[in-house]
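The values are calculated or read from the model by the stated rules, or taken from the named source; none is laboratory data. Bear in mind the structure is a predicted one, so any value in this text is a computation, not a measurement. Counting neighbours? That spans all protein chains shown, and the Cβs are built from the backbone with ideal geometry, glycine included.
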Amino acid sequence: MALYSDKVMDHFQNPRNVGKMDDADGIGEVGNAKCGDIMRMYIKVKDGIITDCKFNTFGCGSAIATSSMATELIKGKPVEEALQLSNQAVVEALDGLPPQKIHCSVLAEEAVQAAVKDYYDKNGIAYDPEKFKVHRCEHCSD
């Protein structure tokens, strides 16, 4: 059995929505140089809908694939729905990840959350802080 699914390989080799967005409404950056994975997510929002999103990821193939898939899963969705994106949904959409790479999907979830939080903060939109999880990755911890 292959270590990575065909979908993971496709999103790694042909990432969707990669790049910088100069006019982003929300930007989220997560990760840690110590673990080697840093994700930056950009979202553009109109009438409460994420109309565009992009990412820049410095990291392994799984980090790139999960970032790419996360952008695909939130584009065109209401901001509140994007905020509910789970790392498990990213893993399932990629047809699985090796156990040692699950933390990449958690970073993708957190990058989306961080971009939404930035959007809320910039626009004075009230939110429940409990919706924004703080992940303590064994790969990223001191």
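Tabulated data
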{"read-out": "So Thr57, is it over 20 Å from Tyr120 (Cα atoms), modelled with pLDDT of 95 or more, in a strand (DSSP E or B) and among the β-branched types (Val, Ile, Thr)", "value": "yes"}
{"read-out": "Selection from the range 26-43 of residues that are in a loop (DSSP other than H, G, I, E, B) and either surrounded by 15 or more Cβ atoms within 10 Å (Cβ to Cβ) or charged (D, E, K, R) (or both)", "value": "Lys34, Cys35"}
{"read-out": "Any hit, the range 115-135, residues being at pLDDT below 95, buried (at least 17 other Cβ atoms within 10 Å of the Cβ) and not charged (D, E, K, R)", "value": "no"}
{"read-out": "Residues located in the range 79-95, provided they are under 15 Å from Ala114 (Cβ atoms) and of a type in the set (Asp, Glu)", "value": "none"}
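A quick yes/no check of all residues on (1) free of Cβ contacts under 8 Å to residues at least 60 places away in the same chain; (2) in a helix (DSSP H, G or I); (3) buried (at least 18 other Cβ atoms within 10 Å of the Cβ):
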| site | (1), (2), (3) |
| --- | --- |
| Gly96 | no, no, no |
| Lys101 | yes, yes, yes |
| Leu107 | no, yes, yes |
| Ala111 | no, yes, yes |
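Okay, residues lined up against (1) crowded, with 18+ Cβ neighbours inside 10 Å; (2) within 16 Å of Leu107 (Cβ to Cβ):
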position	(1), (2)
Asp6	no, no
Gln13	no, no
Ala24	yes, no
Thr51	no, no
Ala63	yes, yes
Pro78	no, no
Leu85	yes, yes
